[in-house]
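Take a look at the structure below.
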Amino acid sequence: QDRQTRRYFPGNVWMADCLWELPRMLYNRYYDLLPRLVEEFGYTGYLLCRMGYECLCLARVESSFCVQVFTSRPGESRLLGDGAGTFGILAFLEKEERDQILRANAPVFQENMLRDASDIESALEEALAIGYSRGHGFRVAGTASVAVPILYGREVVGAISFAGMHDAAWGSVEGRIASRMQELIALRS
């Protein structure tokens, strides 16, 4: 509050609080699904929040499986499209916006990806067709992931993602993991 005019002005604390409104809402509404799904399927789970052209890892829940795949740490930010877990957000954006993000982030893809950037397009198209994204060996050889978008109204605001080793066991549960995530997210939306 200004002492002379007695008017209120938004300050830095208020502005920072507004910036964290979406991540806080996602965390509060969806975090408890992660331990449940990790226990059910035995893979590492992530809660991701869209922040413009980037994705923020809000939470990671590790399984007790002897081989762990850690692609992101809580608080870590990654460009959309930089890793298969972010495809769960990127794939479900409007095509024009998705293409704009891909063009803007393309130089980073060339540096970080093990696969060709053109593989991203086909992975995103596949995600639209099947309703969830899946990726194999985009950033780390021998890994696989599955991600389901979280919608707020019609806007894609985040995703839940799971990562594991790309092997026969993963192949047999990938679709079930996605279906279960979609089911649980729908109950919360």
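Using a simple charge model, +1 on the beta-carbon of Lys and Arg, -1 on the beta-carbon of Asp and Glu, nothing else, what dipole does region 24-67 show about its Cα centre, in debye to the nearest 20?
Values: 5 positive and 5 negative charges, 44 e Å.
Result for region 24-67 is approximately 200 debye, rounded to the nearest 20.
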Apply 1/(1 + (r/R0)^6) to the Cβ-Cβ distance of Leu187 and Asp167, taking R0 = 35 Å, and write down the FRET efficiency to the nearest 0.05. 0.70
Could you go through region 37-52 in sequence order and give the Karplus-derived ³J(HN,Hα) for each residue, using 6.51 cos²θ - 1.76 cosθ + 1.60 with θ = phi - 60°, rounded to whole Hz, and x for Gly and Pro? 6, 4, 5, 5, 10, x, 10, 6, x, 9, 10, 10, 10, 6, 10, x
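Each value in this text was obtained by applying a stated rule to the coordinates, not by laboratory testing. Remember, it's a predicted structure, so these values are computed and weren't measured experimentally. Here the Cβ is made from the backbone with ideal geometry for all residues, glycine too, and neighbour counts use every protein chain on show.
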